[in-house]
Amino acid sequence: MTKRAVMTLSPAQKIEVETLAAVLNAEQIADYFGIGRTTFYSMMKRDDEIEERYKKGKARAIGAIAQTLIQKARAGDTTSMIFYLKTQAGWRETALIEHGGSITANVETEQDAAQLDNFLTELGRRMREEAEDLVIEASSGSVAKIDEEPS
(Lines give C-alpha, C1' and ligand atoms only; values in the text may rest on other atoms or scores of the structure.)
Protein backbone atom coordinates (compact mmCIF):
# COMPACT_ATOMS: atom_id res chain seq x y z
CA MET A 1 0.00 0.00 0.00
CA THR A 2 1.44 3.36 -1.03
CA LYS A 3 1.25 6.33 1.21
CA ARG A 4 0.19 9.73 -0.14
CA ALA A 5 2.65 12.59 -0.04
CA VAL A 6 1.83 15.12 2.65
CA MET A 7 0.84 18.42 1.06
CA THR A 8 2.24 21.64 2.46
CA LEU A 9 2.34 25.31 1.56
CA SER A 10 5.46 27.29 0.76
CA PRO A 11 6.42 30.18 3.06
CA ALA A 12 5.06 32.64 0.45
CA GLN A 13 1.76 30.73 0.25
CA LYS A 14 1.45 30.75 4.04
CA ILE A 15 1.73 34.55 4.00
CA GLU A 16 -0.84 34.62 1.20
CA VAL A 17 -3.32 32.68 3.39
CA GLU A 18 -3.49 35.64 5.78
CA THR A 19 -4.31 38.07 2.95
CA LEU A 20 -6.84 35.73 1.35
CA ALA A 21 -8.59 34.96 4.65
CA ALA A 22 -9.78 38.56 4.81
CA VAL A 23 -12.08 37.98 1.84
CA LEU A 24 -12.37 34.21 1.29
CA ASN A 25 -13.54 31.29 3.43
CA ALA A 26 -11.43 28.15 3.90
CA GLU A 27 -13.07 26.31 0.99
CA GLN A 28 -12.39 29.22 -1.37
CA ILE A 29 -8.77 29.43 -0.22
CA ALA A 30 -8.40 25.71 -0.89
CA ASP A 31 -9.81 26.28 -4.40
CA TYR A 32 -7.36 29.14 -4.91
CA PHE A 33 -4.45 26.83 -4.13
CA GLY A 34 -5.97 24.00 -6.17
CA ILE A 35 -6.44 21.64 -3.24
CA GLY A 36 -9.47 20.12 -1.55
CA ARG A 37 -11.18 21.66 1.45
CA THR A 38 -10.33 18.72 3.71
CA THR A 39 -6.69 18.90 2.60
CA PHE A 40 -6.56 22.58 3.57
CA TYR A 41 -8.13 21.83 6.98
CA SER A 42 -5.60 19.01 7.48
CA MET A 43 -2.79 21.44 6.66
CA MET A 44 -4.10 23.87 9.27
CA LYS A 45 -4.18 21.09 11.88
CA ARG A 46 -0.63 20.00 11.06
CA ASP A 47 0.89 23.47 10.66
CA ASP A 48 0.10 26.04 13.36
CA GLU A 49 1.42 28.87 11.19
CA ILE A 50 -1.21 28.27 8.49
CA GLU A 51 -4.01 28.17 11.07
CA GLU A 52 -2.72 31.29 12.85
CA ARG A 53 -2.42 33.22 9.58
CA TYR A 54 -5.95 32.15 8.55
CA LYS A 55 -7.43 33.28 11.89
CA LYS A 56 -5.41 36.51 11.89
CA GLY A 57 -6.57 37.42 8.37
CA LYS A 58 -10.22 36.78 9.32
CA ALA A 59 -9.89 38.77 12.56
CA ARG A 60 -8.32 41.77 10.83
CA ALA A 61 -11.09 41.95 8.24
CA ILE A 62 -13.83 41.57 10.87
CA GLY A 63 -12.17 44.25 13.00
CA ALA A 64 -11.97 46.71 10.10
CA ILE A 65 -15.62 46.18 9.14
CA ALA A 66 -16.76 46.38 12.77
CA GLN A 67 -14.88 49.64 13.25
CA THR A 68 -16.57 51.14 10.18
CA LEU A 69 -19.96 49.89 11.39
CA ILE A 70 -19.49 51.51 14.80
CA GLN A 71 -18.36 54.79 13.20
CA LYS A 72 -21.48 54.84 11.00
CA ALA A 73 -23.71 54.00 13.98
CA ARG A 74 -22.18 56.79 16.06
CA ALA A 75 -22.67 59.20 13.15
CA GLY A 76 -26.41 58.48 13.27
CA ASP A 77 -26.82 55.90 10.50
CA THR A 78 -30.03 54.21 11.64
CA THR A 79 -29.47 50.97 9.72
CA SER A 80 -26.02 50.56 11.26
CA MET A 81 -27.40 51.31 14.72
CA ILE A 82 -30.15 48.71 14.37
CA PHE A 83 -27.78 46.08 12.97
CA TYR A 84 -25.28 46.64 15.77
CA LEU A 85 -27.94 46.51 18.48
CA LYS A 86 -29.48 43.34 17.02
CA THR A 87 -26.15 41.51 16.77
CA GLN A 88 -24.41 42.85 19.87
CA ALA A 89 -27.09 43.96 22.33
CA GLY A 90 -29.69 41.25 21.90
CA TRP A 91 -32.35 43.38 20.21
CA ARG A 92 -34.94 41.44 18.24
CA GLU A 93 -37.95 42.18 16.11
CA THR A 94 -41.28 41.55 17.77
CA ALA A 95 -44.87 42.54 17.27
CA LEU A 96 -46.65 45.04 19.47
CA ILE A 97 -50.39 45.28 19.03
CA GLU A 98 -52.24 48.10 20.69
CA HIS A 99 -55.99 48.55 20.55
CA GLY A 100 -57.50 51.77 21.74
CA GLY A 101 -61.03 51.45 20.40
CA SER A 102 -63.95 49.29 21.32
CA ILE A 103 -65.84 46.57 19.54
CA THR A 104 -69.60 46.29 19.88
CA ALA A 105 -71.49 43.22 18.80
CA ASN A 106 -74.91 41.80 19.40
CA VAL A 107 -74.42 38.27 20.64
CA GLU A 108 -77.71 36.44 20.88
CA THR A 109 -76.62 32.81 20.99
CA GLU A 110 -73.65 30.75 22.06
CA GLN A 111 -73.01 30.02 18.39
CA ASP A 112 -72.80 33.79 17.70
CA ALA A 113 -70.40 34.14 20.63
CA ALA A 114 -68.20 31.33 19.31
CA GLN A 115 -68.14 32.84 15.80
CA LEU A 116 -67.21 36.25 17.21
CA ASP A 117 -64.48 34.71 19.36
CA ASN A 118 -63.04 32.86 16.32
CA PHE A 119 -63.20 36.04 14.22
CA LEU A 120 -61.39 38.12 16.86
CA THR A 121 -58.76 35.43 17.40
CA GLU A 122 -58.03 35.27 13.65
CA LEU A 123 -58.01 39.07 13.39
CA GLY A 124 -55.50 39.31 16.22
CA ARG A 125 -53.27 36.66 14.61
CA ARG A 126 -53.27 38.50 11.28
CA MET A 127 -52.53 41.83 12.92
CA ARG A 128 -49.58 40.35 14.82
CA GLU A 129 -48.14 38.89 11.60
CA GLU A 130 -48.44 42.20 9.76
CA ALA A 131 -46.93 44.19 12.62
CA GLU A 132 -43.81 42.04 13.06
CA ASP A 133 -41.69 44.19 10.76
CA LEU A 134 -42.67 47.44 12.45
CA VAL A 135 -41.35 47.02 15.98
CA ILE A 136 -37.97 46.36 17.54
CA GLU A 137 -37.78 45.39 21.17
CA ALA A 138 -34.63 45.63 23.23
CA SER A 139 -33.87 42.88 25.66
CA SER A 140 -34.39 45.46 28.40
CA GLY A 141 -38.02 45.74 27.37
CA SER A 142 -37.97 49.18 25.75
CA VAL A 143 -39.81 49.44 22.45
CA ALA A 144 -39.10 51.58 19.40
CA LYS A 145 -41.18 51.89 16.24
CA ILE A 146 -39.43 51.96 12.87
CA ASP A 147 -40.83 54.54 10.50
CA GLU A 148 -41.93 53.20 7.16
CA GLU A 149 -40.55 56.29 5.40
CA PRO A 150 -37.04 57.45 6.36
CA SER A 151 -37.12 60.96 7.78
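Quick check on the stretch 33-49. Is at least one of its residues touching a residue at least 12 places away in the same chain (Cβ under 8 Å), under 27 Å from residue 127 (Cβ atoms) and not assigned by TED's automatic domain parsing to the domain that holds residue 127?
No, there is no match, as no residue in the stretch 33-49 is touching a residue at least 12 places away in the same chain (Cβ under 8 Å), under 27 Å from residue 127 (Cβ atoms) and not assigned by TED's automatic domain parsing to the domain that holds residue 127.
Of all the residues that make up the stretch 1-23, how many are surrounded by 13 or more Cβ atoms within 10 Å (Cβ to Cβ) and farther than 13 Å from residue 56 by Cα?
Adding up the residues that qualify gives 3.
Say whether the condition of being outside the structural domain of residue 7 (by TED's automatic domain parsing), touching a Gly at 6+ places or on another chain (Cβ under 8 Å) and within 30 Å of residue 127 (Cα to Cα) is met by at least one residue in the stretch 92-101.
yes
Could you check the stretch 111-126 and list, in sequence order, the residues that are of a type in the set (Gly, Ala, Ser) and in contact (Cβ under 8 Å) with a residue 12 or more places away in the chain?
Across the stretch 111-126, the qualifying residue is only 124.
Specify which of the listed residues (85, 69, 9) is under 30 Å from residue 124 (Cα atoms) and either in contact with a Phe, Trp or Tyr (Cβ under 7 Å, 6 or more places away or on another chain) or at pLDDT 95 or above (or both).
So the residue among 85, 69, 9 that is under 30 Å from residue 124 (Cα atoms) and either in contact with a Phe, Trp or Tyr (Cβ under 7 Å, 6 or more places away or on another chain) or at pLDDT 95 or above (or both) is 85.
The values are calculated or read from the model by the stated rules, or taken from the named source; none is laboratory data. Computed from a predicted structure; not experimentally measured. Positions of Cβ are backbone-derived with ideal geometry, glycine not excepted, and every protein chain shown enters the neighbour counts.
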